[in-house]
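Visitor: My questions all concern the structure below.
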Amino acid sequence: MMNRIGDIQPLIQEYRSKISANESELTNKILDDYEELLQLFKQKNDMINRIWDFHENEKYQLAQETLDPLEQILYSTLLGIRTLDQEAQSDSAKKYLASLKKEIERQLNQLKEASISVYPICMQDLGPYGAIKSYYELLKEGNNITIDIDFKGTLKRQPHKIEINIFRFIQHLIQIIDNLNTVASLSVSINEKDGRIVLTFEGEALAERLNHSSKYQLFKELVDSIEDVEIIEQNECQFNLVLQTKN
């Protein structure tokens with residue numbers, strides 16, 4: 001539990017106060033080494049979090065300054081083509097406009113998929129659950145697995161960092177599971193209760209298969225570095241990702 005370092009250190013101090021004089025030198029040396037190791041873990045976790053935050057800021061700027069405006073331009077162009085199509089007289093003009101409309105719709109769909117994958121701008125208005133639903137709609141076709149996402153209970157808005165973490169956790173886990181090519185269907189439920197948000201992932205032998213994935217091991221290390229987040233494996237088919245919201 002690398003993200004529980006703050007809970008371990010007080011226990012070390014308490015143990016120091018209880019050791020006897022004849023064992024204090026060796027024991028204190030061991031405790032000193034252990035505290036130094038904990039500090040190194042903390043520095044590693046802080047570095048991972050800084051890198052995570054830096055990448056999220058970069059993705060946000062890319063989406064806001066480039067992808068979202070480009071999506072608006074394509075959408076406006078599409079509306080203009082639809083207007084021209086209504087006014088077109090010749091069959092050749094209508095055929096050309098239909099072809100152009102089809103191509104812009106294709107580009108617009110690709111841009112929407114890229115945009116929400118990079119950074120879900122819609123989350124500002126819709127929250128993480130609206131962004132997840134939009135991402136889910138894009139996932140319905142072209143994936144190796146069938147995905148079912150269920151929202152349970154009362155879902156409240158959270159601080160931005162918690163909301164983007166919820167979206168990213170689901171996004172990354174779905175991508176990792178999809179790339180396994182061994183899970184036919186995946187059920188994801190999101191439940192918010194008593195100051196916790198619980199993301200439950202369930203599929204045939206899911207936990208067992210994920211434990212053989214190097215990408216999943218890296219994901220678990222990332223989760224370990226984030227405060228108030230943990231993965232709890234329920235059984236070989238199901239695991240929970242739990243976020244403490246303090247709300």
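Visitor: Which one, Leu173, Pro159, Gln110, projects farthest toward the positive side of the charge dipole computed for segment 92-178 from Cβ point charges (K/R +1, D/E -1)?
Guide: Final value for the positive-end residue is Gln110.
Visitor: Please give me the summed charge of the neighbours of Leu186: other residues whose Cβ is under 10 Å from its Cβ, Lys and Arg +1, Asp and Glu -1.
Guide: Computed value for this residue: -4.
Visitor: What residue among Phe41, Asn235, Ala98 has its Cα farthest toward the positive end of the dipole of the chain, where the charges are +1 on Lys, Arg and -1 on Asp, Glu, each on the Cβ?
Guide: Towards the positive end, the residue furthest out is Ala98.
Visitor: Where does helix 214-225 land angle-wise versus the long Cα axis of the chain, in degrees 0 to 90, nearest 10?
Guide: The helix 214-225 is inclined about 60 degrees to the chain.
Visitor: Now, a different point. Name the most mobile residue of Leu222, Leu84, Leu180, meaning the one with the largest mean-square fluctuation, in a Gaussian network model of the chain with Cα contacts below 10 Å.
Guide: Largest GNM mean-square fluctuation: Leu84.
Visitor: Let me ask something else. What number, in percent, do you get for the relative contact order of segment 31-139 if the mean sequence gap of Cα pairs under 8 Å and at least 6 apart is divided by its residue count?
Guide: Rounded, it is 29 percent for segment 31-139.
Visitor: For Lys95, which aspartates and glutamates qualify as cross-link partners when the Cα separation must be under 16 Å and same-chain residues fewer than eight apart are set aside?
Guide: Within the straight-line cut-off, Lys95 pairs with Asp85, Glu87, Glu103, Glu105.
Visitor: Please report the relative contact order for the chain, taking Cα pairs under 8 Å with a sequence separation of at least 6, and give it as a percent rounded to a whole number.
Guide: That works out to 17 percent.
Visitor: Compute the separation of the alpha-carbon centres of segment 177-231 and segment 67-142 and state it in Å as a whole number.
Guide: 31
Visitor: OK, next. Give the relative contact order (percent, whole number) for segment 168-247; include only Cα pairs under 8 Å separated by 6+ residues.
Guide: Answer for segment 168-247 is 31 percent.
Visitor: Let me ask you something else. Might you report the magnitude of the Cβ-based charge dipole of the chain about its Cα centre, with Lys and Arg at +1 and Asp and Glu at -1, to the nearest 20 debye?
Guide: 620
Visitor: Number of Lys pairs in segment 102-196 with C-alpha atoms less than 29 angstrom apart, excluding same-chain neighbours closer than eight positions?
Guide: Total qualifying Lys-Lys pairs in segment 102-196 comes to 20.
Visitor: Hey, another quick one. Can you bin the chain into rounded, prolate or oblate? Criterion: square roots of the alpha carbon gyration tensor eigenvalues sorted a ≥ b ≥ c, rounded for a/c under 1.5, prolate for a/b above b/c, oblate for the rest.
Guide: Cα axes put the chain in the prolate bin.
Visitor: Which shape class, rounded, prolate or oblate, goes with segment 144-247 when its Cα gyration tensor gives a ≥ b ≥ c as root eigenvalues, a/c under 1.5 marks rounded, and past that a/b bigger than b/c marks prolate?
Guide: Prolate, because a/c is 1.5 or more and a/b exceeds b/c.
Visitor: In debye to the nearest 20, how big a dipole does segment 79-147 give about its Cα centre with +1 on each Lys and Arg Cβ and -1 on each Asp and Glu Cβ?
Guide: Using Cβ point charges on Lys, Arg, Asp and Glu, segment 79-147 gives about 80 debye.
Visitor: How far is helix 5-16 tilted, in degrees, relative to the longest principal axis of the Cα atoms in the chain, given as a value from 0 to 90 rounded to the nearest 10?
Guide: 0
Visitor: Here's a follow-up. Once amide H atoms are built 1.01 Å from N in the peptide plane, which residues 5 or more positions from Thr245, or in another chain, come under 5 Å H to H?
Guide: Arg196, Ile197
Visitor: Tell me what the chain gives for mean residue ellipticity at 222 nm when only DSSP H runs of n ≥ 4 count, each as -39,500 (n - 2.57), the sum divided by the residue total, rounded to 500 deg cm²/dmol.
Guide: -22000 deg cm²/dmol
Every number in this text was worked out from the coordinates using simple rules, so none of it is lab data. Because the structure is predicted, anything quoted here is derived from the model rather than measured. Backbone-built Cβ (ideal geometry, glycine too); neighbour counts: all protein chains shown.
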